[in-house]
Amino acid sequence: MDKYYTDKTFLARWVAKELTEEERSEFEKTDAYRYFDILNKEALLLEGPTIDTELALKNVQSQLHSGKSMRMKRRIWRYGIAACFAVAIAFVGYLNTSKTYSTGNGEKQTILLSDGSVVYLNANSSLSRNRIFWSDHRQVALQGEAYFEITKGIDFEVKTTKGTITVLGTRFNVHDRSNFEISCYEGRIRFKTALDTNQTTILNKGMLLTLEQDKIQTKIFEGEIPTWRAERSKFKDQPLSKVLIELENQYQIKFQSNNVNTGRLYTGEFVHNNLKMALEATLTPMGIKYSSPDQPIIILSN
Amino acid sequence: MNEEAPSICEEKNYNMLFRKLYAPVTKYMYYKCGDLQQAEDIVQNVFIKLWELCATISFYKAKSYIYKSCNNSFINSIQHKKVVLKYQSNINEHTDYESPEYLIEVAEFRTKLVKAVGALTLKEREVFLLSRIEKKTYSEIAEITGITVKAVERRMSKSLLSLRDMLGKEIKL
């Protein structure tokens, strides 16, 4: 059973920020933490009643001078009204704490976040973010690929399946599909893998991080924006299978590869807005024949 | 006495005490009884008593005298009633580019939170609100309520657990 049930002051010490670093980080990993965090943050937004001290002072002074003591006033009817109110508003709906944006095959979406940051979501991807406390807690979760332009402010966090990216204000691309890549186009970002939280990698402008077999590698790259933002996908010595997956992401098609060897390496690029040209640019140079692109399923043959 | 304590019988000192203590004490009483008018009545009556007894109470003990008398007066008058806090909510909204549906959800959640806070036991509620709204430390709360710091922490933890039990179903992670 979790710690905070056995230790009767655990939660109190947590809200007073008196936990040790170790206790805190352990607690923050639990689901219960997320509930308590919301409750606490919302409670901090509550306000007390407004009290007019001067009016009260005048009142007391006039009582003192007239020599009469005040009578307690009873207002039982008030509770009656409050009770009716309570019945009327109970159980209307849930509070969804996150909001998710998704794109299907061949779709792209631009998301403007409330802090002014912009996220360009590539095809077949999804981004979800916290809806409350956005002003002091900038955090999103990403699956697939997206390009971020973050406005300056407090830490902005992107959670991916492979780890967490933390930034202050910058532009970068995250590709989290069969392979994992982060490219930094401006400023500086920090990546923490999900496997080993003590290991962080810092990326500066023009640096690319890849993760293969849980090994982090960094490289230098050139370019001002990701190619997919220019409606293109670019490959350098990548197996054909990855090219086919990306084609499926960008167009409403499926491939049936039969006995075609998809392990061969491909170098080149294809456009996102013209299927015929895209197939011409990828399959023809590899000497692969394909059935009519007007059908949802394209059959490949040597 | 090498330096004489200020006398509460002097109007200037009395008014100073009033201005300093009236609002925090009234809020505290409000968190207990849930009726602002009643809270104000209790506190004003105690201040009237303070004036009558001004010669017998030391200026430096006035604060604890006021808290204690208000507490006693509250216990005498309404302890027998089970009171549910009717909480005045005027939460400031922060601007966000959100859909109207979501703003309604947030508003509903906040109403439920306010209700749930009201449904806490008196002991839990006073500690919870003094800590979260008045931002008092546990030792300050211990002084006001007359219990130990450890007890304050236990009540705080319990109130969070109670709120989670009441509202956990309302939150979708």
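Bear in mind these aren't lab numbers, they're just calculated from the coordinates by the rules spelled out. Quick caveat: nothing in here was measured; it's all calculated off a predicted structure. Using ideal geometry, Cβ is built from the backbone for each residue, glycine included, and neighbour counts are taken over all protein chains shown.
Data overview
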quantity: Backbone N under 11 Å from the A:LYS159 label point (7 Å along Cα→Cβ), restricted to the stretch B:137-173; calculated: B:173
quantity: Highest to lowest packing among B:126-136, A:236-246, scored as the average C-beta count within 10 Å; calculated: B:126-136, A:236-246
quantity: Inter-chain shielding of B:122-135 (mean C-beta neighbours from other protein chains, 10 Å cut-off); calculated: 2
quantity: Column: log10 I(q)/I(0), Debye, Cα scatterers of chain A, q = 0.15 Å⁻¹; calculated: -1.23
quantity: Dipole magnitude of the stretch A:148-222 about its Cα centre (Cβ charges: Lys, Arg +1; Asp, Glu -1), debye to nearest 20; calculated: 120
quantity: Relative contact order, percent, chain A [alpha-carbon distance under 8 Å, six or more residues apart]; calculated: 9
quantity: Where labels lie 7 Å past Cα in the beta-carbon direction, separation of B:LYS20 and A:VAL271 in nm; calculated: 7.9
quantity: GNM result for chain A, Cα springs below 10 Å: residue of A:GLN252, A:GLN199, A:GLN109 fluctuating most strongly; calculated: A:GLN199
quantity: Whether the stretch A:187-248 is rounded, prolate or oblate, judged on the alpha carbon gyration tensor where a/c under 1.5 counts as rounded; calculated: oblate
quantity: Cβ neighbours within 10 Å from other chains - mean over B:7-18; calculated: 1
quantity: Degrees between helix A:53-66 axis and first principal axis of chain A (Cα, 0 to 90, nearest 10); calculated: 10
quantity: Pairwise label distance in nanometres, A:LYS152 with A:SER292, each label 7 Å out on the Cα-Cβ vector; calculated: 5.8
quantity: Cβ-derived FRET efficiency at R0 35 Å, A:THR166 paired with A:ASN105, nearest 0.05; calculated: 0.70
quantity: Inter-chain Cβ neighbour average for residues B:22-28, partner chain, 10 Å; calculated: 4
quantity: Cα gyration tensor shape of the stretch A:122-209, rounded if a/c is under 1.5, else prolate or oblate by comparing a/b with b/c; calculated: rounded
quantity: Where labels lie 7 Å past Cα in the beta-carbon direction, separation of B:ILE57 and A:ARG34 in nm; calculated: 5.1
